[in-house]
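Colleague: Below you'll find the structure I mean.
The values are calculated or read from the model by the stated rules, or taken from the named source; none is laboratory data. Note that the structure is predicted; figures quoted are calculated from it, not measured. So basically every Cβ, Gly included, is an ideal-geometry build from the backbone, and we count neighbours across all protein chains shown.
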Amino acid sequence: MIRSFADMDRLASQKGPKRLVVLAPEDEEFMLAVRESAAKGYTRPVLIGDREKMERLADQVRYDITGAEKIYEKNRQAIADLGIKMLFSGEVDIAGKGQIPTAYIYRAIIREESKAGKGKVVSVVSLWDIEGLDHLTCFTDTGVNITPDYRTKAEIVRNAVFLFHLLGYPKPKVCVLSGKREVNGDIPSYQDCLALKKAAASGELGSCEVMEAASFLDIFSPGRKDFRRGDIDIGKADFPHIMLVPNLATGNILVKLDFAMKNIRRRSLVMSSRGPSSSPRDRTSGTPSSARSRPGSPWPSRSREVRHHDDELRTDPQRSKGEGQKENGRGAGPRRDGLHRSLRGRVRRYGRPHLHRVERCHVAVGKGPGEEGLRY
């Protein structure tokens, strides 16, 4: 049974080199990760991205890429499409995200799943390794399905249950997170919770148990109304392996609490019929800003973090030139939404915001439910 990320890393070290396609390794951190994984014998990399940037960064981190296979491309969606196509065709074992917005990779995976015609629901499982807890736990779906209905939620649970079976958990516990109300009937998310309990009891979701708990209060203090913060003992709580969120917004908010909480590490996995596809961001929360900004520090500057955030907003295809034009005819161009304006305004007025660093890793895991094997 894999109880921690340390167990995961030990397993990876035993498997020998895998053929890895890296999507836009155009950042010092990502190029360092590629160099280290190749040096340790984990991977044999294929690099896709801007030639000038890749060569310059390889020189900066002292990584000789002359012997590595390289494909030169600048368009972000084209990079993602090519890398994920190589993954689904079996040309590579792993696809790794570099300096490219995750949305492009999700889009490429969904397209390839559609071509495969298997009807696979793509979902993201975000694993937490919590100090003091003797097993891994996760939130799902935190990346793809915006407002899933009952049928989609059932598939999301099946994906997560399948993953935990591969990790060595024969009957993972599932908590379907939902609010409750005592008047005017149950809200839709709690109706789904009750239906999923029945489905699990009949074996429709695979070997798992849907818990009675539907909130953190239920998890830490079942049956009690006089709960106090001092009652929290994560090592003694009946803590679930899988936490199903009611919608994407809730999942995205909850999973990023590790930015503010100590002793939590996160790695996320894209569940697809073909994988894996990884996106390593080797980060640790609570790193002092002075350490990140010092010359020679392994931590990138805060300005780089903000530029990446800015670039992701500007390069979103939904905000491309010609879309979002003002009705008064002031002309076309990229639409700057409130978040974009706010971020730029805060940088101008107050300087770069303080950003905690965390470890994140996106991985797509294959094969489909019922098939054997976990390829890390």
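Colleague: Out of the residues in the range 25-74 that are of a type in the set (Val, Ile, Thr) and touching a strand residue (DSSP E or B) at 6+ places or on another chain (Cβ under 6 Å), which is modelled with the lowest pLDDT?
Modeller: Out of the qualifying residues, it is Thr43.
Colleague: Answer yes or no as to whether Ala213 is farther than 30 Å from Ile105 by Cβ, surrounded by 13 or more Cβ atoms within 10 Å (Cβ to Cβ), touching a strand residue (DSSP E or B) at 6+ places or on another chain (Cβ under 6 Å) and modelled with pLDDT under 90.
Modeller: Judged against the criteria, Ala213 is a match.
Colleague: Every residue in the range 221-272 that is aromatic (Phe, Trp, Tyr) and at pLDDT below 75, please.
Modeller: Residue satisfying the conditions is Phe227 alone.
Colleague: Residue under question is Leu133, and the condition is that it be in contact (Cβ under 8 Å) with a residue 12 or more places away in the chain, aliphatic (A, V, I, L, M) and in contact with a Gly (Cβ under 7 Å, 6 or more places away or on another chain); does it hold?
Modeller: Answer is yes for this residue.
Colleague: Does Arg56 satisfy the criteria of being among the basic types (Lys, Arg) and under 17 Å from Phe30 (Cβ atoms)?
Modeller: Yes, satisfied.
Colleague: Then there is this: For the range 1-24, what are the residues that are touching a strand residue (DSSP E or B) at 6+ places or on another chain (Cβ under 7 Å), closer than 18 Å to Gly41 by Cβ and of a type outside the set (A, V, I, L, M)?
Modeller: Scanning the range 1-24 gives Pro17, Lys18, Arg19.
Colleague: Within the range 132-157, restricting attention to residues that are closer than 30 Å to Ala24 by Cβ and either in a loop (DSSP other than H, G, I, E, B) or small (Gly, Ala, Ser) (or both), which residue is farthest from the chain's Cα centre (by Cα)?
Modeller: Only one residue tops the list, namely Pro148.
Colleague: Among the candidates Asp129, Asp192, single out the residue that is more than 30 Å from Leu82 (Cβ to Cβ) and assigned to a strand (DSSP E or B).
Modeller: Asp129
Colleague: Here's a follow-up. Being at pLDDT below 95 and within 18 Å of Arg3 (Cβ to Cβ) narrows it down to one of Leu163, Leu194, so name that one.
Modeller: On inspection, the qualifying residue turns out to be Leu163.
Colleague: Something else now. State whether one or more residues within the range 139-146 are under 22 Å from Ser37 (Cβ atoms) and either without any contact (Cβ under 8 Å) to a residue 60 or more places away in the chain or in contact with a strand residue (DSSP E or B) (Cβ under 6 Å, 6 or more places away or on another chain) (or both).
Modeller: Within the range 139-146 (the criterion being under 22 Å from Ser37 (Cβ atoms) and either without any contact (Cβ under 8 Å) to a residue 60 or more places away in the chain or in contact with a strand residue (DSSP E or B) (Cβ under 6 Å, 6 or more places away or on another chain) (or both)), the answer is no, since none of the residues qualifies.
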